[in-house]
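To start, the structure itself, in C-alpha cells.
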Amino acid sequence: MDPLTQGLLGAVAVRNSRNSNAQRGVSVALGFFAGMAADLDVLIRSSSDSLLFLEYHRQFTHSLIFIPLGGLICGLVLHYLIGRRSRLSWPQSVLFCTLGYATHALLDACTTYGTQLFWPFSNERVAWNVMSIIDPLYTLPIAGLLLLSLRKHWQWAASVALFWVIAYPCLGWWQRDRAETLGHQLASSRGHLVRSLEAKPSFGNILLWKIVYRTDDAFYVDAVRVGRTTKVFPGDSIPMLTLNSDLPWLISTSRQAADIERFRWFSKGYIALDPNNPERIIDIRYSLLPNELDALWSIELSPDSPNSHVQFQTHRSDRQAKLQQFWQMLSE
C-alpha cells in the first residue's frame, strides 16, 4: 500500500487504544511513522543484482513474527527523536509504535503484490487481492476522520475511521469474489479448463477488475466491471513460458536460469515471453489497462552473458492514452 495510507492506519490503531489521550498528537505521530517503517526494506538493493529488492521487499520486516521487534526498534528510535520531548515514557513510545507497526503487513496483504506474512516459516507471498495499492476512496475518509478525532471530545471519529479501515477491504473481498465468478463463467463459455484464476483490482478502485487465468498451455487476461450490473471487456492470451522451446540457448545451471526462477516465484508463475522481444520475460499480472498484456515490469535476458544477472525493467508506455481508455472502461 502507499506510504500515506500505511501511516494513517498506524495512527488510527493508536488513536483507538486506551492510552491514546496521553499526548494524543504525539502518540498519533508515533503510530503514523511506525506504520510506514516496514517499507524501509526497499533500501536493501544491489547495483549488480536488480532482483534482490524483489526478494527482500515485503519479507522479514513484514512478517507477523517480526512485529514485536519492529515495534521495539521504532519505539526506541522515535522515543529519542519525538517521544521523550513530549514527556512520554519509553514504554509508552514502544507501545504506540508497536500498534502502528502491526498494521502494516496486514494492509499490504490486502493488495495484489504479495507479502511474506509467515517468514521465516514460509516464503509464500500472501496476497488477498481485495484492494489496489492506491485507492483514494479508502485513504481520504481515513485521513479526514483521523484529523477530526484529534479535536477534544471527538474520539468517536477514530472509531468511525477504524470501521472504515475494516469495512472497505471486506467490500473489496466481496467484489473480488464476484469478479472471480465472472472470470470462471467467461472461461467456461470459451471451453477452457482453468488451472488457476485470479481477480485483481485495477488502479484506485474496486469496481473494475483484471482477470488472469491459466489453462494447460496459455494465459488469458480480461477485464470485468462489477457494479449493480456487470460487464466484460475481452482481452488477450499468450503462451506460457516454456524454457526449452522459448529459450533454447539458456543453460540450466546458469545465473540467468536461476534469476528466471526467482522472477517466477515473485510472479507466482504468471510469466511469459514478450511477443515483441524474445529476450524479455514479462509478469502478465499487472498492466495499465486491465484487459491487456502490456506488462508494467519484466526482466531482460542476455544470451551472450548467461552468467550475468538479468535486468529488472519497468514500462510505462502510452500512459496518457491508456488512462483515457481506463476511465472509459470504469465509467461506461
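Here are the numbers:
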read-out: Helices (runs of 4 or more DSSP H) within segment 1-57 that include 3 or more residues at pLDDT below 95 and touching a Ser or Thr at 6+ places or on another chain (Cβ under 8 Å); value: 24-37
read-out: Boolean, Gln175 is closer than 25 Å to Leu330 by Cα, free of Cβ contacts under 8 Å to residues at least 24 places away in the same chain and of a type outside the set (A, V, I, L, M, F, W, C); value: no
read-out: Residues of segment 146-165 classified as free of Cβ contacts under 8 Å to residues at least 40 places away in the same chain and under 20 Å from Met36 (Cβ atoms), total; value: 2
read-out: Condition met for His62 (surrounded by 15 or more Cβ atoms within 10 Å (Cβ to Cβ) and free of Cβ contacts under 8 Å to residues at least 24 places away in the same chain); value: no
read-out: Which numbered condition Asn244 fails, given (1) of a type outside the set (D, E, K, R); (2) modelled with pLDDT of 90 or more; (3) outside any helix (DSSP H, G or I); value: (3)
read-out: Residues within segment 17-39 that are in contact with a helix residue (DSSP H, G or I) (Cβ under 7 Å, 6 or more places away or on another chain), aliphatic (A, V, I, L, M) and surrounded by fewer than 22 Cβ atoms within 10 Å (Cβ to Cβ), tallied; value: 2
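Results for (1) closer than 23 Å to Asp2 by Cβ; (2) at pLDDT 95 or above, shown as yes or no for each residue.
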| site | (1), (2) |
| --- | --- |
| Ile65 | no, yes |
| Arg84 | no, no |
| Gln92 | no, no |
| Cys97 | yes, yes |
| His104 | yes, yes |
| Asp108 | yes, yes |
| Asn129 | yes, yes |
| Tyr138 | yes, yes |
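The values are calculated or read from the model by the stated rules, or taken from the named source; none is laboratory data. Bear in mind the structure is a predicted one, so any value in this text is a computation, not a measurement. For neighbour counting, all protein chains shown are included, and Cβ atoms are generated from backbone atoms with ideal geometry for every residue, glycine included.
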